[in-house]
Amino acid sequence: MSHRIAPSLLAADFNHIGDAVTMVNESQADWLHLDVMDGIFVPNISFGQPIISAVKKVCTKVMDVHLMIERPELYVEQFVECGADYVSFHLEATNHVHRVCQQIKSAGAKSGVAINPHTPVQSVFEVLEDLDLVVIMSVNPGFGGQKFIYRTLEKIRTLKEEIIARNLNTLIEVDGGVGLHNAEKILEAGADVLVAGSSVFKSDDPKLTIERLKTIGIGNLQF
Ligand code: DX5
Ligand code: ZN
């Protein structure tokens, strides 16, 4: 399967969230990425359960919820209840990573762990078998529109090798500063899912940008 594109709602015009979801529904995007921030784990506050429940009612894509919150163990079931297909939480935000993964799965969703730029990718190796998704942050979480940190490419390669060596199906998602200028390099490194906020929603033609991101590298597959 070719790579997946996950536009991030954080970069949409919040006066027109419904229109943003419709655009994503009609596009070649595979997932919709939803960033939840608590103002403690990250220095910003975004949106929470009520918005996600409302989006679920109209969204036809896979709902990919990225929790940037302290103590995710207190909330993960609520986000599954709101309609998340994937729930990712930060390794740095809890002492009980393995347990929170099990909580998410028992509640009926796929589980993901996100890691900040300073966190070694090997930190997820002990729980890799329990994960459907690893979110590699390629910016410091909290804000859209930041520059991609290129050191991330090495982390993606290392993780991909480990996933292949263990014969797992865990997906690698890359989040932050992703756009048409660097998507190919990120995919070459081994990413399966590209999150794209500003590069999609701030572009002149968001649907076309999604299509371009989606078809990158497709030509190579013919040979
Ligand atoms: C950052 C969020 C990202 C953000 C990406 O903390 O986790 O998902 O929406 O936005 P861009 O693509 O603009 O860097
Ligand atoms: Zn995110």
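Read-outs throughout are calculated quantities, based only on the coordinates presented, and are distinct from any laboratory measurement. This is a predicted model, so every value here is computed, not measured. Quick reminder, even Gly has a Cβ in these numbers, built from the backbone with ideal geometry, and neighbours come from all protein chains shown.
Table for the structure above
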| quantity | calculated |
| --- | --- |
| Amide hydrogen neighbours beyond the local backbone of residue 196, cut-off 5 Å, H modeled | 6, 8 |
| Cα-derived Rg to Rh of the range 124-179, Kirkwood definition | 1.01 |
| Farthest positive-ward along the range 101-223 dipole, Cα basis, beta-carbon charges - from 213, 108, 164 | 213 |
| Amide hydrogen neighbours beyond the local backbone of residue 110, cut-off 5 Å, H modeled | 86, 87 |
| Integer Hz, Karplus 6.51/-1.76/1.60 couplings in order for the range 173-184, x for Gly and Pro | 10, 10, 10, x, x, 8, x, 4, 6, 10, 4, 4 |
| Diffusion coefficient, µm² s⁻¹, Stokes-Einstein with Kirkwood Rh over alpha-carbon pairs of the range 106-223 at 4 °C and 1.567 mPa s | 87 |
| Ordering of 142-152, 34-44 by burial proxy (mean other Cβ atoms within 10 Å per residue, highest first) | 34-44, 142-152 |
| Quotient of C-alpha Rg and 2.2 N^0.38 Å, computed over the range 48-178 | 1.02 |
| For the chain, alpha-carbon Rg over 2.2 N^0.38 Å | 0.94 |
| For the range 93-99, Karplus couplings with θ = phi - 60° (6.51, -1.76, 1.60), whole Hz, Gly/Pro x | 9, 8, 8, 10, 4, 4, 5 |
| Overall dimensions of the range 164-223 as given by Cα atoms, namely Rg and Dmax in Å | 12.8, 42 |
| Within straight-line cross-link reach of residue 147, lysines at Cα separation under 30 Å, skipping those fewer than 8 residues along the same chain | 56, 61, 110, 155, 160, 185, 202, 207, 214 |
| Sequence of 139, 100, 174 once ranked by neighbouring C-beta atoms within 10 Å, starting from the fewest | 139, 100, 174 |
| Helical contribution to [θ] at 222 nm, DSSP H n ≥ 4, -39,500 (n - 2.57), averaged over the chain, rounded to 500 | -9000 deg cm²/dmol |
| Student exercise, the range 124-170 dipole from Lys, Arg, Asp, Glu Cβ charges, in Debye to nearest 20 | 360 |
| Residues whose placed amide H lies under 5 Å from that of residue 47, excluding near-sequence neighbours | 37 |
| Spread of Cα-to-Cα distances over 5 Å intervals beginning at zero, given as percent, for the range 91-143 | 4, 20, 31, 24, 14, 6, 0 |
| Cα centre as origin, Lys/Arg/Asp/Glu Cβ charges: the chain dipole, Debye | 220 |
| Unit charges on C-beta of K, R, D, E only; dipole of the range 1-73, Debye | 180 |
| Length released on extending from residue 81 to residue 2, taking residue separation times 0.36 nm less the Cα-Cα span | 25.5 nm |
| Inter-label distance, nm, simple model (7 Å from Cα along the C-beta direction), residue 53/residue 207 | 3.1 |
| From phi via Karplus (6.51, -1.76, 1.60), per-residue ³J(HN,Hα) for the range 85-90 in Hz, x at Gly/Pro | 8, 10, 10, 10, 10, 8 |
